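Asker: Dumping the structure here so I can ask a few things about it.
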Amino acid sequence: MNAGQSSFRTSGMTTVLIGGIRPVDWWLPMGIAVPMLYVVPVLASSCIPRSRTILLTAAIVWAPSSLPARIVRCNRFFAGVVIWIAAILCMRRVQDEHSLCVAHAGIEHQIEARMEAWRIEIQQLHYQEGM
């Protein structure tokens with residue numbers, strides 16, 4: 001499976017998760033901390049190698065409630081904090097993975113260059129021994 005198919009499946013899974021959590025959130029009585037479940041699609045979206053996807057998912061799932069109940073506002077606030085902290089941490093992980101891939105490619109290039117230099121040196125040694 002290539003990266004495009006994997007990203008497409010992860011996007012679909014994230015959409016299904018949001019689509020499944022949202023009705024539960026609206027159906028259950030206010031005061032139950034269902035919005036905490038929205039962190040799951042944010043975490044799932046971190047499998048897509050673009051950090052903008054994480055921010056987009058966090059923005060989609062976070063819909064602040066305007067209801068006056070203090071408990072509801074507190075739950076929504078805490079859910080928002082957890083969702084955005086997860087989004088920020090996932091973005092950092094994606095950026096760090098990208099940095100590691102770039103560093104790995106550079107190291108691989110240096111190893112290949114050094115191996116080629118050794119091959120040349122070995123060939124020269126064999127040539128000199130043969131004389």
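The values are calculated or read from the model by the stated rules, or taken from the named source; none is laboratory data. Just so you know, these numbers come straight off a predicted model, no measurement behind them. Ideal geometry is used to build each Cβ from the backbone, glycine not excepted, and the neighbour counts take in all protein chains shown. The accessibility values were calculated without ligands, DNA or RNA, using every heavy atom of the protein model including side chains. Shrake-Rupley method; radii C 1.70, N 1.55, O 1.52, S 1.80 Å.
Asker: Would you check if residue 69 is open to solvent by less than 90 Å² (accessible area, probe 1.4 Å), among the small types (Gly, Ala, Ser), in contact with a Gly (Cβ under 9 Å, 6 or more places away or on another chain) and at pLDDT below 85?
Answerer: The answer is yes for residue 69.
Asker: Restricting to region 86-131, count the residues that are in contact with a Pro (Cβ under 8 Å, 6 or more places away or on another chain) and open to solvent by 100 Å² or more (accessible area, probe 1.4 Å).
Answerer: 1
Asker: Among the residues in region 75-97, are any touching a residue at least 24 places away in the same chain (Cβ under 8 Å), in a helix (DSSP H, G or I) and over 24 Å from the mean Cα position of the chain (by Cα)?
Answerer: yes
Asker: Then there is this: I'd like the full set of residues that are modelled with pLDDT of 75 or more and among the β-branched types (Val, Ile, Thr), limited to region 11-33.
Answerer: Across region 11-33, the qualifying residues are 14, 15, 16, 18, 21, 24.
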